[in-house]
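*Asks:* What follows is a single structure, and I will ask about it in a moment.
Nothing in this text is a laboratory measurement; each read-out follows from the coordinates by a stated rule. In this text the structure is predicted, and so the values were computed from the model without any measurement. Counting neighbours? That spans all protein chains shown, and the Cβs are built from the backbone with ideal geometry, glycine included.
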Amino acid sequence: MHKIAIIGCGRISFKHVEAITSNNELDFVAVCDVLKERAVEKADEYVKQSGKSAPEVFTDYKKLLADIKPDIVTIATESGYHPQITVDALEAGCHVICEKPMALSIKDADWMIETADKCGKKLAVSFQNRFNAPVVKTREALEAGRFGRMMHGMVQIRWNRNEGYYSQAPWRGTWALDGGTLMNQCTHGIDLLQWMMNSPVKRVHGVTRRYQRPIEAEDFGSAILEFEDGSVGMIEGTANIYPTNLNETLSLFGESGSVVIGGLAVNKFETWRFADSETIGDPEETVIDPDAKDPPSVYGFGHTALFADFADSIKENRKPMIDGREGKKALEIILAIYKSMKDGIPIDLPFEFSTTDMKKIFS
Ligand SMILES: NC(=O)c1ccc[n+]([C@@H]2O[C@H](COP(=O)([O-])OP(=O)(O)OC[C@H]3O[C@@H](n4cnc5c(N)ncnc54)[C@H](O)[C@@H]3O)[C@@H](O)[C@H]2O)c1
């Protein structure tokens, strides 16, 4: 049994409560938000869902770390606060699950990774869509070599985040605490694209815009990624789709396989064609379900699987599926898109950059 605590009880935290409730190896011992009523609400939610006793409520995470000494801390505060809280928790002896994006600069991501190494503790980043059923099946096909050489891939994130979304929490869309739609909404799709292309990114060409949302950062982003093996990735991401969320689609094209996963949030197969299955007369095999439903929210169901993988990684003393180094990859791509937009040139990796280097880019 691992003692676990949540730090940050806003919009996404119900997914953390759900993931804890459904895992018998996790014992929810403490919950913290600087706004006490939010922490109390999460404690109540847990009691209702699980029928177990309430976690202890805190408003100061350092006091929580000192008093409770949890085995695992899961962090769901504003993105800009992730690095300091993660490092404090690791140094207090906790394993850490951190919401995406893990940080807003290369330097902070490296600080978190190095601290986890130094403390001998595990660090995972919440890219829960890697656990979506079609994504898992596609990765299996990739690892089995069914795509052959990958040629190009594309991710489209065509969502709507309206003014109400931004006014609800003023940190959203700021360079200091969030970044724009690439960093907040599109980071999942960008992670999946780079994971499936399965080659390190070499060079990034980016163009971003702030069209209409009342924020500092971009509400539209586009990019071309050049991978080391010569394959190419394309990114189209926006928070401006009228009138509501349309789709998040990942398309992958290899020499001997084509897969498109669409739906609201990469949750439904649209195409599944492999040369090695054409011969058996069922080119789509059986994976395409025309009646497949979208999940109730774009967050999907992956947090539960991600928390389970994390608990197993402790038990089995192995890396979690998305450790700090894996979590940094999408961050690095997005920061390269930002820097490319700022400098007006393609960016070669590695490089140093922070969202705060983008201040006043759109004013
Ligand atoms: N994985 C996903 O699909 C997903 C979805 C949405 C949000 N997120 C990420 O989760 C994080 C939170 O997003 P949100 O929309 O829930 O934000 P939110 O503003 O709704 O909630 C953040 C909460 O953290 C609290 N907080 C801030 N500083 C704190 C501190 N020092 N100690 C304790 N609590 C503190 C705030 O009071 C607030 O209640 C962000 O990093 C975001 O990018 C991930």
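*Asks:* On C-alpha positions alone, give me the angle between the axis of helix 187-197 and the longest principal axis of the chain, in degrees, nearest 10.
*Replies:* 50 degrees
*Asks:* For a quick check, take a GNM of the chain with Cα springs below 10 Å and name the residue from Ala275, Ala116, Ala103 with the largest mean-square fluctuation.
*Replies:* Sorting by GNM fluctuation, first place goes to Ala275.
*Asks:* Which length gain, in nm to one decimal place, applies between Arg139 and Arg325 when the Cα-Cα distance is subtracted from 0.36 nm times their residue separation?
*Replies:* Full extension from Arg139 to Arg325 adds 65.1 nm.
*Asks:* Amide H of Leu264 versus every other amide H placed in the peptide plane: which residues, excluding those fewer than 5 positions away on the same chain, fall under 5 Å?
*Replies:* Under 5 Å from the amide H of Leu264 lie the amide H atoms of Glu248, each far enough along the sequence or on another chain.
*Asks:* Rank the residues Asp276, Asp27 as a footprinting-exposure proxy: fewest other Cβ atoms within 10 Å of their Cβ go first.
*Replies:* Sorted ascending by nearby Cβ count, the order is Asp276, Asp27.
*Asks:* Something else: Beyond a 22 Å Cα-Cα separation, which of these cross-linked pairs lie in this structure: Lys52/Lys122; Lys118/Lys359; Lys3/Lys315; Lys3/Lys122; Lys36/Lys69; Lys3/Lys42?
*Replies:* Beyond 22 Å: Lys52/Lys122; Lys118/Lys359.
*Asks:* Starting from the Cα-Cα distance between Ser167 and Ser363, subtract it from 0.36 nm times their residue separation and give me the gain in nm to one decimal.
*Replies:* Between Ser167 and Ser363, full extension yields an extra 68.6 nm.
*Asks:* I've got another one for you. What is the antiparallel percent of DSSP beta bridges lying wholly in the range 193-245, to the nearest 5?
*Replies:* Restricted to the range 193-245, the bridges split so that about 100 percent are antiparallel.
*Asks:* Given an 8 Å cut-off on Cα distances and at least 6 residues of separation, report the relative contact order of the range 150-263 as a percent.
*Replies:* It comes to 40 percent, rounded to a whole number.
*Asks:* From the C-alpha gyration tensor of the range 1-64, pull out the three semi-axes of the equivalent ellipsoid (sqrt of 5λ each), sorted largest to smallest, in whole Å.
*Replies:* Output for the range 1-64: semi-axes of 17, 12, 10 Å.
*Asks:* Please report the equivalent ellipsoid semi-axes of the range 247-363, computed as sqrt(5 x eigenvalue) of the Cα gyration tensor, largest first, in whole Å.
*Replies:* Computed over the range 247-363, the values are 33, 23, 17 Å.
*Asks:* Further question: What stretch of the chain, leaving out the sites themselves, is the longest with no trypsin sites (Lys or Arg not before Pro) in a DSSP loop having at most 10 other Cβ atoms within 10 Å?
*Replies:* 1-292
*Asks:* Where in the chain lies the longest segment free of chymotrypsin sites (Phe, Trp or Tyr not before Pro) that are both loop residues by DSSP (not H, G, I, E, B) and have at most 14 other Cβ atoms within 10 Å?
*Replies:* 1-210
*Asks:* If you line up the Cα atoms of the range 85-186 on their principal axes, what length do they span on each, largest first, in Å?
*Replies:* 44, 42, 23 Å, listed from the longest principal axis down.
*Asks:* Starting from the amide H of Thr74, placed 1.01 Å from N in the peptide plane, find each other amide H under 5 Å away whose residue is 5 or more places distant or on another chain.
*Replies:* Answer set, sorted by chain and number: Ala5, Ile6, Ile7, Ile97.
*Asks:* Where the only charges are on Cβ atoms (+1 Lys, Arg; -1 Asp, Glu), what is the dipole of the range 125-198 about its Cα centre, to the nearest 20 debye?
*Replies:* That gives a dipole near 220 debye.
*Asks:* Now for a separate question. Take every DSSP beta bridge with both residues inside the chain and express the antiparallel ones as a percent of the total, to the nearest 5.
*Replies:* Roughly 60 percent of the beta bridges in the chain run antiparallel, per DSSP.
*Asks:* Here's another thing I want to ask about it. Percentage of Cα-Cα pair distances in the range 36-129 greater than 23 Å, rounded to whole percent?
*Replies:* 27 percent
*Asks:* In a solvent-free Debye calculation with one equal scatterer on each Cα, what is log10 I(q)/I(0) for the chain at q = 0.13 Å⁻¹, listed in the order of the q values?
*Replies:* Scattering profile of the chain, log10 relative to I(0): -1.05.
*Asks:* Of Gln128, Ser251, Ser277, whose Cα points farthest to the positive end of the dipole of the chain (charges on the beta-carbon: +1 Lys, Arg; -1 Asp, Glu; origin at the Cα centre)?
*Replies:* Going by the Cα projections, it comes out as Gln128.
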